[in-house]
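Enquirer: Sharing a structure, written as structure tokens. Questions coming.
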Amino acid sequence: VSRDPSPTPGDDRPDDLSAALELWAEDARRVAGTIDPENAARAALDAAVDEQALRSLYRRYVAAAVLLFSLGAGGSLWIQTRTGDRRAEMQTMHALEAERGELMGRRLLSSYAGGWDDDRGE
Amino acid sequence: VPGPSGAAPRRAPTPDRALQDLWVARLRGRDEEALREVVAAFHDRLCAVIAGILRDRDAVEDVVQETFTKAWLRIESFHGDSGLYTWLYRIAVNGCKDRMKRMRRRPACSLEDLKVDVATATGAPAVEGLERRELRLRVRAAIARLPAKFRTVLALREIEGMAYQEIADVVGLNLGTVESRLFRARQRLRTLLMEDGLGPIGGAT
């Protein structure tokens, strides 16, 4: 990678703006000098740990919700049709609530993931 | 590093493409040391460009952290069409855009805000001539009044010292649009400075 920006005709800064632009650049570099690079590295590594934990939690949550729904709804409906058992009816309702919870969980995760999805162009 | 008067600014050396590609491979292998090397190589210069676009120091720190975090988490989605250098700046510029969207409801900065920013948060020189200090504040106020799209290309050119084609790659515009945007940005800045009573300021000390 060439280190010198290739000069383009008309690219040069007008003299009357040079001092202003240099002051601005100086300010910006001064801001940069007050920020600890270690924080950036740590934030990235911490975020990776957080994301892994969230993904793991999500996988477990979905697995539990699916299990509850398949066992709860399917199983309890089967029991209910044969016994008229009130408890089976409650289980069915709980299973349906779990399904709704899963949907909410999905929405939550997709909104979280959306926040990281803007490295546009790649 | 400022260039000679009227010339395009020079920039600090950037790691060559082979090293950038090596970093990408190591980041894909979840090599934490590679992440630290990338941060060491790009942190300060990314911060400076972001600081040119956003005025708030905390926002600058947030965006630079997000930039490295996204790069670390999303390295698998990096196709390598451009170098790591360009990709990082693209993420940073998009991070600035998102930050500005969130800040849009906040009132525009006043000269008083800028005085506080420059004197404290940004660690402006404690000993600085009054005239130069005032000039610094006025320049900063004028830059803050530029539309963000102008500030962005100006920051990439004047602070980072990118070539036009590199700016085009970062902001996703064609070369001609970048050239015309930079030209208009400088014109607008000149107008703002003149409206503020500042003519040619090359002689300020």
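The values are calculated or read from the model by the stated rules, or taken from the named source; none is laboratory data. Owing to the predicted nature of the structure, the values given are computational and were not obtained by experimental measurement. Using ideal geometry, Cβ is built from the backbone for each residue, glycine included, and neighbour counts are taken over all protein chains shown. Accessible surface is based on the protein model in full, side chains and every heavy atom, while ligands, DNA and RNA are left aside. Shrake-Rupley method; radii C 1.70, N 1.55, O 1.52, S 1.80 Å.
Enquirer: Within the range B:158-181, can you find the residues that are assigned to a helix (DSSP H, G or I), more than 8 Å from chain A (Cβ to nearest Cβ) and crowded, with 16+ Cβ neighbours inside 10 Å?
Expert: B:Ile167, B:Ala168, B:Asp169, B:Val170, B:Val171, B:Val178, B:Arg181
Enquirer: Go through the range B:32-48 and give me each residue that's more than 7 Å from chain A (Cβ to nearest Cβ) and either aromatic (Phe, Trp, Tyr) or buried (at least 24 other Cβ atoms within 10 Å of the Cβ) (or both).
Expert: B:Val38, B:Phe42, B:Leu46
Enquirer: Let me ask you something else. Examine the range A:46-61 for a residue that is modelled with pLDDT of 80 or more and touching a helix residue (DSSP H, G or I) at 6+ places or on another chain (Cβ under 6 Å), and state whether such a residue exists. Even if it seems obvious, please write down each step before you answer.
Expert: First, the residues of the range A:46-61 that are modelled with pLDDT of 80 or more: A:46-47.
With touching a helix residue (DSSP H, G or I) at 6+ places or on another chain (Cβ under 6 Å) added as a condition, the list becomes A:47.
Yes; the residues of the range A:46-61 include at least one that is modelled with pLDDT of 80 or more and touching a helix residue (DSSP H, G or I) at 6+ places or on another chain (Cβ under 6 Å).
Enquirer: Provide a single number: the residues in the range B:12-44 that are outside any helix (DSSP H, G or I) and under 25 Å from the mean Cα position of the chain (by Cα).
Expert: Of the residues in that region, 5 qualify.
Enquirer: For the range B:133-151, name all the residues that are within 24 Å of B:Glu179 (Cα to Cα), in a helix (DSSP H, G or I) and open to solvent by less than 10 Å² (accessible area, probe 1.4 Å).
Expert: If the condition is that a residue be within 24 Å of B:Glu179 (Cα to Cα), in a helix (DSSP H, G or I) and open to solvent by less than 10 Å² (accessible area, probe 1.4 Å), then B:Val139, B:Ala142, B:Ile143, B:Phe150 are the ones that fit.
Enquirer: Okay, moving on. Report yes if B:Arg106 is part of a helix (DSSP H, G or I) and either modelled with pLDDT of 90 or more or more than 8 Å from every other protein chain (Cβ to nearest Cβ) (or both), otherwise no.
Expert: The answer is no for B:Arg106.
Enquirer: In the range B:58-90, which residue that is over 17 Å from the mean Cα position of the chain (by Cα) and in contact (Cβ under 8 Å) with a residue 60 or more places away in the chain is nearest to B:Trp23 (Cα to Cα)?
Expert: Per the criteria, the residue is B:Gly83.
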